[in-house]
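Following: one structure in structure tokens, then a few remarks.
The values are calculated or read from the model by the stated rules, or taken from the named source; none is laboratory data. Quick caveat: nothing in here was measured; it's all calculated off a predicted structure. Glycine also receives a Cβ, built like all others from the backbone with ideal geometry; neighbour counts cover every protein chain displayed. Only protein heavy atoms, including side chains, enter the accessible area calculation; ligands, DNA and RNA are left aside. Shrake-Rupley method; radii C 1.70, N 1.55, O 1.52, S 1.80 Å.
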Amino acid sequence: MIYLSGGLTTIGTDKIIILSDSEGPSQKVHLSPFYIDKYEVSNRKFRQFVQSTKYKTQGSIAADTPWWQLVQGVSWKHPEGPSSSLQDVLNHPVVHVSWNDAVAYCNWLGKRLPTEAEWEYAARSGLNDRLFPWGNNPLPKGRHRMNIWQGKFPKENTADDGYVGTAPIDTYPPNAYGLYNMVGNVWEWVYDWWGRRQKQTSSSQDIPRDPKGPSSGVKKVQKGGSYLCHKSYCYRYRCAARNSAPPDSSAINVGFRCAMNE
């Protein structure tokens, strides 16, 4: 895990791209020190958890879009259907895990899911008001830094970044905090219920400390985007971007990483 000192930081953005996601306005928050996983949780690690606890994950629920289809027999250990396996992807992020599954894994290790504010602070790695963890250029010096859809979505994926599906959890250079794949690869569950962000007052007394989102809700927040994101459809592989899904749902492009109090 990577130790982060926290402090005063900014989450969200005033340069809103997807209004319906409520990715703005920006807000100042104060975070206590915490730890966060260097990598997304891998298939190998999640398999150890299941083998040790006999835990049974929740079933997959497909999204309502023309290019998604529900495949019978799919699960975290058969990510592409009943005939697929983890043999060649043990170092890839675990997928087809719900928010509840992610919480169970984190609890097993004495950890927890990061809050949205913690996740975003970790992803930005000291760079406020930047699109990506390394800056605003998606291809700095012509090098790929994330696993997203390359080509014309949804019909052609050229895999210019090296992968059509998920990539190993240690692919691409880490951000300035030493964290890998904070954008792209797989969406990551965070602790918070999804809610709309409100304009913040200018008073320093109103700066929240360690915010955890709404007290209740219908969907949980996901951060980071995935290998199925493309600028023309899902331009959510940005630090401030967000998505949401029911806590009992899962998909082939959703995983997680854990956090822990100091």
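Table for the structure above
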quantity	calculated
So Ala176, is it closer than 23 Å to Asp37 by Cα, of a type in the set (A, V, I, L, M, F, W, C) and open to solvent by 60 Å² or more (accessible area, probe 1.4 Å)	yes
Qualifying positions in the range 128-156 - open to solvent by 60 Å² or more (accessible area, probe 1.4 Å), assigned to a loop (DSSP other than H, G, I, E, B) and either without any contact (Cβ under 8 Å) to a residue 60 or more places away in the chain or of a type in the set (Lys, Arg) (or both)	Arg130, Asn136, Asn137, Pro138, Leu139, Arg143, Lys152, Lys155, Glu156
Condition met for Arg238 (open to solvent by 10 Å² or more (accessible area, probe 1.4 Å), in a loop (DSSP other than H, G, I, E, B), of a type outside the set (Ser, Thr, Tyr) and more than 21 Å from Phe34 (Cα to Cα))	no
Criterion violated by Cys229 - all others in (1) surrounded by fewer than 22 Cβ atoms within 10 Å (Cβ to Cβ); (2) assigned to a loop (DSSP other than H, G, I, E, B) satisfied	(1)
Some residue of the range 247-257 being touching a Leu at 6+ places or on another chain (Cβ under 8 Å), crowded, with 24+ Cβ neighbours inside 10 Å, in a loop (DSSP other than H, G, I, E, B) and among the hydrophobic types (A, V, I, L, M, F, W, C)	yes
Residue within the range 157-167 that is surrounded by fewer than 24 Cβ atoms within 10 Å (Cβ to Cβ) and in contact with a Gly (Cβ under 7 Å, 6 or more places away or on another chain) present	yes
Residue match in the range 180-200 (condition: part of a loop (DSSP other than H, G, I, E, B) and more than 22 Å from Glu23 (Cα to Cα))	yes
Any hit, the range 169-183, residues being under 29 Å from Thr53 (Cα atoms) and touching a strand residue (DSSP E or B) at 6+ places or on another chain (Cβ under 7 Å)	yes
Cβ pairs under 9 Å, 6+ apart, first in the range 14-35 and charged (D, E, K, R), second surrounded by 16 or more Cβ atoms within 10 Å (Cβ to Cβ) and not in a loop (DSSP other than H, G, I, E, B)	Asp21/Asn243; Asp21/Ser244; Lys28/Thr9; Lys28/Thr10; Lys28/Ile11
Pick from the range 49-104, criterion acidic (Asp, Glu) and modelled with pLDDT under 95, ranking: nearest to Lys152 (Cα to Cα)	Asp64
Residue count, the range 4-34 (criterion: in a helix (DSSP H, G or I) and either touching a Ser or Thr at 6+ places or on another chain (Cβ under 7 Å) or surrounded by fewer than 16 Cβ atoms within 10 Å (Cβ to Cβ) (or both))	2
Top-ranked residue in the range 146-156 [being of a type outside the set (Gly, Ala, Ser) and touching a His at 6+ places or on another chain (Cβ under 9 Å); ranked as modelled with the lowest pLDDT]	Pro154
Members of the range 90-102 that are open to solvent by 40 Å² or more (accessible area, probe 1.4 Å) and either among the acidic types (Asp, Glu) or not in a loop (DSSP other than H, G, I, E, B) (or both)	Asn100
Selection count, the range 104-114, where residues are within 18 Å of the chain's Cα centre (by Cα), more than 15 Å from Ser5 (Cα to Cα) and not in a helix (DSSP H, G or I)	3
